[in-house]
4 protein chains.
Amino acid sequence: MEKIRVAVLGATGMVGQYFLHLLRDHPDFEVAAVCASEARIGQPLLEARALHPAGIPVQMAHLHFSALDARSLADLGVDIAFSGLPADIARGIEMDLANRGIHVFSNASSYRMDPSVPILIPEINAPHLELVERQLQQRKGFIITNANCTTTGLAISLLPLLPFGIKRLIVASYQAVSGAGYPGIPAMDISGNVIPYIDGEEPKVRKECGKIFAKVGPDGLEPAEWQVYAHCIRVPTLVGHLVSTHVELSESLLPEKVRALFDDFQAPADVAGLPTAPLKPIIMAAERNRPQPMRDVDAGGPARAAGMAVTVGRLEVEGNIVRFVNLANNLVRGAAGGSVLNAELCLRKGLIGR
Amino acid sequence: MEKIRVAVLGATGMVGQYFLHLLRDHPDFEVAAVCASEARIGQPLLEARALHPAGIPVQMAHLHFSALDARSLADLGVDIAFSGLPADIARGIEMDLANRGIHVFSNASSYRMDPSVPILIPEINAPHLELVERQLQQRKGFIITNANCTTTGLAISLLPLLPFGIKRLIVASYQAVSGAGYPGIPAMDISGNVIPYIDGEEPKVRKECGKIFAKVGPDGLEPAEWQVYAHCIRVPTLVGHLVSTHVELSESLLPEKVRALFDDFQAPADVAGLPTAPLKPIIMAAERNRPQPMRDVDAGGPARAAGMAVTVGRLEVEGNIVRFVNLANNLVRGAAGGSVLNAELCLRKGLIGR
Amino acid sequence: MEKIRVAVLGATGMVGQYFLHLLRDHPDFEVAAVCASEARIGQPLLEARALHPAGIPVQMAHLHFSALDARSLADLGVDIAFSGLPADIARGIEMDLANRGIHVFSNASSYRMDPSVPILIPEINAPHLELVERQLQQRKGFIITNANCTTTGLAISLLPLLPFGIKRLIVASYQAVSGAGYPGIPAMDISGNVIPYIDGEEPKVRKECGKIFAKVGPDGLEPAEWQVYAHCIRVPTLVGHLVSTHVELSESLLPEKVRALFDDFQAPADVAGLPTAPLKPIIMAAERNRPQPMRDVDAGGPARAAGMAVTVGRLEVEGNIVRFVNLANNLVRGAAGGSVLNAELCLRKGLIGR
Amino acid sequence: MEKIRVAVLGATGMVGQYFLHLLRDHPDFEVAAVCASEARIGQPLLEARALHPAGIPVQMAHLHFSALDARSLADLGVDIAFSGLPADIARGIEMDLANRGIHVFSNASSYRMDPSVPILIPEINAPHLELVERQLQQRKGFIITNANCTTTGLAISLLPLLPFGIKRLIVASYQAVSGAGYPGIPAMDISGNVIPYIDGEEPKVRKECGKIFAKVGPDGLEPAEWQVYAHCIRVPTLVGHLVSTHVELSESLLPEKVRALFDDFQAPADVAGLPTAPLKPIIMAAERNRPQPMRDVDAGGPARAAGMAVTVGRLEVEGNIVRFVNLANNLVRGAAGGSVLNAELCLRKGLIGR
């Protein structure tokens, strides 16, 4: 069967290049176009500075940058756009694309809090795809976003506790410099240092948690009413956001029970077997000094799903308090990989026609 | 007036060498002896590997290592011992010294939880010196400890909130590698990495907080009954422990009031003007991305008190919740400097005779 | 055909664990025994601290540590031992093994300068295998070493220039902390620092260069008489030794000619197609700011040969002076991988019987 | 006596802020004006981002940014401008200032190779001040530059060898990220990495060495005809450029003699006692694993001259070959401090009127 033609928007950026790698030899998608700033149009993709450790995929050596507009991409037969654009640029072009019938899977924050756009994490809130139907009543295509890179790992790590009523969440993050894109943080600022503030990040964690865990009501999403307190803090690591997590539940649980919930946690059947889905969305660290960015950032198999699992360690339970540390790959699970998995889910659910 | 003769125990270690620097040209104390392992006895101090960036103080170039036993130190006319010994070695020798009338100011954890030994932080719990009287009924000298390096900065940063009833504390630390001493953490383990576990550290934070803020009751200290949840986590910085701090109080406070409490906070009169006391025990960071280890680790003036102030930033208040980030120099305020200040307080209070 | 049974000596160390990974699913070799210190005997390999980023290979989960002596290994049917032992321990046991007929491929420096032991780099000095015949006249097995981790990459990068008479070599290295093994360098010493001295390293580079490029004469090897000046310097990188290289030749060459020599350089037919041999032993960096440890340390394909190629960049020629920068993976090409390739060559040449 | 009024150009940059610190409480100079980009005019200096670890000097809290033009600075009574401007901006304004009679001491490379402008290092080439007389025939003020940050330390470390005829120099540098200014190198590029290329740096080292060691001839400077080969390489350190140095002399020297030359080396009388001059321009490292950026970057006393001495270690002599490693503070000796010392020399020599 022919593959679906996709475009990668922002292909000179960090997230854009991770999209390229995750889409290399993809069973369902084929990168038919790459876009970046206007000055790049017509230039070979290979001339872009490589930001993924494995460089620009050789399978895409033939590609040249296309114009970043809906008509050009439609002319190239593109059905899906994966967007790693900066938020200010994403806003206009992503809506143009949707209007023209090109579905957008976006890492940009522009539409995350839009009531008709889901922040989709397939293991958590596939029912939010109902919003897509609403979008399709208004335009030919739809926009789906992945969550912020810090929120994503946190949200997945909370899944086993959902049935017991999460009331309050107090988290402190240890975020890698790649979360700021490229060039991002100057070495002079972060080498051997910690920066206890990341502009705009803490409100994102707070609001996105509410929306991701929202119920689908008659008038749209009804956000989860958790209290979320977050300190988002930069540390000198390259990839992998680690989060110290403190959860207050509505009821007390036995430690063994919580342990078993995490150990046995499985993704819903909807998600199992998608090309970029990890065998287990949550991997429990065997050692008490894990997860560690250096060792666990690529957790998740099979190979195509490396970096898609969240690693959880230090699990402790005391009455209605559950505490642990989680780690997610901010560029894969928390960015490009999240959107690729979202597109795979939509394809399986028939929302994308071949 | 003649200076008091002091010994530094563990002078080949990280904390021991910070003692040497803090005691250089001290107005009241004079380093008369240095001790380390048996193999060092008789060797020049200058041959020890320098672990403080400024090397071994030239003022101490004449010193040779003495035997680490109470009689030898008594023979050298030593009145005070500053101990940077490992906990297992400290236990025996520190008690020997006290029995012989040499007062011990220790960074070791051996006696921290002993009911007759105060964990002294002059700005917080000078009344705990009452325990010293009890010790002096049993032996000729006394033992006073400083708190764990992480607990110290945290405890000081809580001072302005004390009057409003602290109920619960949820903290996550960003601890520097120097906290593990020398050689400490292998570069292979921590470069570009985060290690979310430090052996024995979290229980220390929990228990020491209770004891430091204890009331003096008729039968000894009555620990504060706070709930303390701590994740103690190592990050790739060299010096300076930063702590994300979440406090639940018994009552709600207005943000402006809390802000003013922190801005105006002063040490008690007991402490003001001690040689190693900072002008202000808490310095409020002016910028929202501070404190940072690289920039704030030496906060505290005058010069002799560099590294003795705790820097607090990101102060936020929401009802009865107060949140902030604090940073303390783990080698100065959180170790050697803490004990030097303790000795200065005891001298002022007449507990040490000249 | 049945695989040859091999032992990995020093399997709790950095190099030992790289041996395990390089031998995983090897077409010709099967790890039948692992050895470490006496205290480990009988313990499962899986309980050793993992020092390779991918952990202990699951294919070896059944292994337990054996005693490190020749008889025990012979009883286990071991034909080859790969040694990642420290030099002082290696000296005795490696000779015992050879005497018993177990061939040793060693990363230890103990026998490198022994006149009957080759420092083998297959692309350079396969004829040195003649020494092995001499060894076999004296004992049942032989010892072959790989070169020091810094020398290896340097030596390979010089290959294209060999025909033009190398007279003098002036090099300065940028060596990763993994070169010091585990635990190796304390983070306190190397974070954000450079250490311009590595004990014993510079004489190794000097002497090993002479021996590697020796001619086989009637009385054994006749060392190359180059002048070699080396500064071996540690920098805060994890893996990958980079070397600034300045070569004086006996004759002047045209820049284009030198460029072509490097671009077109191929391994000799002897080596081509060995399982761990890279397609090209030298990869020329396309960009002027390469090679870089972060990007080029795993150069060399196919997959089994990742980290086996040397990357060369900054090639400049001025008369009889040739200058460049080279990078080799100190744990793969410069250690475990070098010895595995040596064993593969010996197998192909019939020096190891099945 | 009244202090000379000076301006600091580029006071929002790294080098500019080091100028501010070196001029704080200076006995002869007083910062009367600070300049940066046009958008800053009128803003308080204190609002600039602090790039020196000690922040903006409080002594300069009253300053506001002035316009960067010669007339404005003349109106403010400025006699000297210290320039930390980027080369492209420096070219025009520095000449304007000189034309108006404001003497320029510049860290910019714009005029370094101009035949009428000296690259002044007081310990080396004070006679080059003759060029200044030539400049003063053409305009009312003069321009004097300091050398490139890498060249400076190298040049000073060669001083003891000058009498013996330097023929050839082969160097490899280990340069800190601060050499690239702020924001400079992205953390993503240099954390745990080495970058073996710095744009434009190697030709600077080569040409500046020739000019710095030039003889003053009847028609101007006659460059030293040394062969200089440099690899300029970036490593993940913050401050301090270390250089592996290999020197070929015209004659052979005995090791003890070379050792004594370095040990006893003194600055010429011209320089001794200048406020920013170190007691000894070259400090010989006592330990074989020194100099190290972390430990030696602030070498040089008294306090005002911290960072002004060059540290040399690993000294080895073999016939006419002398080899060593040197380290200089690239922001102090190799930038702002170099120019401040140059101005102090000119003041002593009467080239600057009060």
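The values are calculated or read from the model by the stated rules, or taken from the named source; none is laboratory data. In this text the structure is predicted, and so the values were computed from the model without any measurement. Here the Cβ is made from the backbone with ideal geometry for all residues, glycine too, and neighbour counts use every protein chain on show. In case anyone asks, the SASA skips ligands and DNA or RNA and just uses the protein heavy atoms, side chains included. Shrake-Rupley method; radii C 1.70, N 1.55, O 1.52, S 1.80 Å.
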- Restricting attention to segment D:295-321, the residues that are assigned to a helix (DSSP H, G or I) and either touching a residue at least 24 places away in the same chain (Cβ under 8 Å) or under 18 Å from D:Leu341 (Cα atoms) (or both) number exactly 4
- Pairs under 8 Å by beta carbon, first residue within 14 Å of another protein chain (Cβ to nearest Cβ) in segment B:278-292, partner in a loop (DSSP other than H, G, I, E, B) and among the β-branched types (Val, Ile, Thr), six or more apart or different chains? B:Gln292/A:Val194
- Message: Restricting to segment A:311-341, give me the number of residues that are within 14 Å of another protein chain (Cβ to nearest Cβ), open to solvent by less than 10 Å² (accessible area, probe 1.4 Å) and among the hydrophobic types (A, V, I, L, M, F, W, C).
- Response: 8
- Note on the structure: Pairs returned, first residue in segment A:190-212 that is under 26 Å from A:Leu129 (Cα atoms) and away from every other protein chain (no Cβ under 14 Å), second residue that is surrounded by 24 or more Cβ atoms within 10 Å (Cβ to Cβ) and among the polar types (S, T, N, Q), beta-carbon separation under 8 angstrom, 6 or more apart or interchain, are A:Lys204/A:Asn148; A:Lys204/A:Thr150; A:Lys204/A:Thr151; A:Glu208/A:Asn148; A:Glu208/A:Thr151; A:Cys209/A:Thr151; A:Ile212/A:Thr151
- Message: Is it the case, given these coordinates, that C:Gly179 is on the phi > 0 side of the Ramachandran plot and touching a residue at least 60 places away in the same chain (Cβ under 8 Å)?
- Response: no
- Item | Given (1) in contact (Cβ under 8 Å) with a residue 60 or more places away in the chain; (2) out of contact with any Pro (no Cβ under 9 Å at 6 or more places or on another chain); (3) among the aliphatic types (A, V, I, L, M), index of the condition B:Leu274 fails | (2)
- Extreme residue, farthest from C:Glu316 (Cα to Cα), among residues of segment C:137-170 that are over 16 Å from the mean Cα position of the chain (by Cα) and crowded, with 24+ Cβ neighbours inside 10 Å: C:Phe142
- From the list A:Glu38, A:Glu30, A:Glu2, which residue is away from every other protein chain (no Cβ under 14 Å), in contact with a strand residue (DSSP E or B) (Cβ under 7 Å, 6 or more places away or on another chain) and of a type outside the set (S, T, N, Q)? A:Glu30
- Query: A:Ser83: in contact with a Cys (Cβ under 7 Å, 6 or more places away or on another chain) and modelled with pLDDT of 95 or more, yes or no?
  - Reply: no
- Message: Tell me yes or no: at least one residue of segment C:334-348 is of a type outside the set (Asp, Glu) and over 17 Å from the mean Cα position of the chain (by Cα).
- Response: yes
- Message: Please go through segment B:299-310 and give me each residue that is over 23 Å from D:Arg49 (Cα atoms) and open to solvent by 10 Å² or more (accessible area, probe 1.4 Å), ordered by number.
- Response: B:Pro302, B:Ala303, B:Arg304
- Pick from segment D:266-278 the residues that are among the aliphatic types (A, V, I, L, M) and open to solvent by less than 70 Å² (accessible area, probe 1.4 Å): which of them is nearest to D:Phe29 (Cα to Cα)? D:Leu274
- Please identify the pairs in which a residue from segment B:218-233 that is within 11 Å of chain A (Cβ to nearest Cβ) and open to solvent by 50 Å² or more (accessible area, probe 1.4 Å) has its Cβ atom under 9 Å from the Cβ atom of a residue that is of a type in the set (Lys, Arg) and part of a strand (DSSP E or B), counting only partners at least 6 apart or on another chain. B:Gln227/B:Lys167; B:Gln227/B:Arg168
- Query: Does segment A:232-241 contain any residue that is more than 16 Å from the chain's Cα centre (by Cα), in a helix (DSSP H, G or I) and not polar (S, T, N, Q)?
  - Reply: no
- Note on the structure: Within segment C:188-215, residues farther than 21 Å from D:Val312 by Cβ and either of a type in the set (Phe, Trp, Tyr) or touching a Leu at 6+ places or on another chain (Cβ under 8 Å) (or both) come out as C:Met188, C:Ser191, C:Gly192, C:Val205, C:Cys209, C:Lys211, C:Phe213, C:Ala214, C:Lys215
- Every listed condition ((1) under 29 Å from D:Pro236 (Cβ atoms); (2) modelled with pLDDT of 95 or more) holds for A:Glu287 save (2)
- Query: Looking at C:Glu248, C:Glu256, which one is within 14 Å of chain D (Cβ to nearest Cβ), outside any loop (DSSP other than H, G, I, E, B) and more than 25 Å from C:Ala176 (Cα to Cα)?
  - Reply: C:Glu248
- Selection within segment D:177-212 - part of a loop (DSSP other than H, G, I, E, B), open to solvent by 30 Å² or more (accessible area, probe 1.4 Å) and more than 25 Å from C:Ala286 (Cα to Cα): D:Tyr182, D:Pro183
- Task: Run down D:Asp263, D:Asp296 and say which single residue is among the acidic types (Asp, Glu) and surrounded by fewer than 20 Cβ atoms within 10 Å (Cβ to Cβ).
- Result: D:Asp263
- Give the residue that is nearest to B:Ile124 (Cα to Cα), with candidates limited to residues of segment B:198-219 that are of a type in the set (Asp, Glu) and at pLDDT 95 or above. B:Glu208
